[in-house]
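Okay, structure first, notes after.
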Amino acid sequence: MIYQISVALIAVAFAVLVFFLIRTLKSAQSSLDNVSQTLQEVQKTIDELSYEVKQTVRHANDITADVQHKMKKIDPVMESVENLGEVLSEVTAAAKQVSTTLMTRFQTRQSKAVKTPESNEVKAPPATQAERTLQSYEATYQDKAKGGKDWMNYIDIAANIWQRMRK
């Protein structure tokens, strides 16, 4: 009889174990079904996003090609602006030189009007760079300055030649 009760107890314990095991397996199965459904939704979302990303990349490529095309059209304008900058720089340098020359002549005429022709004064070394430039120009072109305004004609001729070469 003890064997029969033990076997009956083992059978009941086994039935309870199987019952709880079945509940656990059903819960795991529903969790796996939810995971599977979520993965399908994620896959669908990824497919939609990949299409949109491809479209965005295509549009970006089109925009890049358009910008490159427009940049090629703007290149000559930028070169012209650069050339204009160089021309203005050269014109400024020429104007500076003419201004320096005029200042030298003006100072020379003023100093000749103040000094007597026989004075042999020793000049002090020039203090500034502009004075040194004026003094060296005066020493170099003193005899030519008496000749007239030929240098202005030379500047005009040089400017015209330079403009023709630039075109």
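The values are calculated or read from the model by the stated rules, or taken from the named source; none is laboratory data. Since the structure is predicted, the reported quantities are computational estimates derived from the model, not experimental observations. Ideal geometry is used to build each Cβ from the backbone, glycine not excepted, and the neighbour counts take in all protein chains shown. The accessibility values were calculated without ligands, DNA or RNA, using every heavy atom of the protein model including side chains. Shrake-Rupley method; radii C 1.70, N 1.55, O 1.52, S 1.80 Å.
Values for this structure:
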{"read-out": "Qualifying residue in the range 64-86 (condition: hydroxyl-bearing (S, T, Y) and closer than 30 Å to I155 by Cβ)", "value": "yes"}
{"read-out": "Meets criteria (at pLDDT below 95 and in a helix (DSSP H, G or I)) for K44", "value": "yes"}
{"read-out": "Subset tally (residues that are open to solvent by less than 70 Å² (accessible area, probe 1.4 Å) and at pLDDT 70 or above) for the range 90-127", "value": "11"}
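Listed here are the residues, each with its yes/no results for (1) among the acidic types (D, E); (2) on the phi < 0 side of the Ramachandran plot; (3) open to solvent by 100 Å² or more (accessible area, probe 1.4 Å); (4) assigned to a helix (DSSP H, G or I).
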residue	(1), (2), (3), (4)
Y3	no, yes, yes, yes
V7	no, yes, no, yes
V12	no, yes, no, yes
F19	no, yes, yes, yes
R23	no, yes, yes, yes
S27	no, yes, no, yes
S30	no, yes, no, yes
D33	yes, yes, no, yes
Q37	no, yes, no, yes
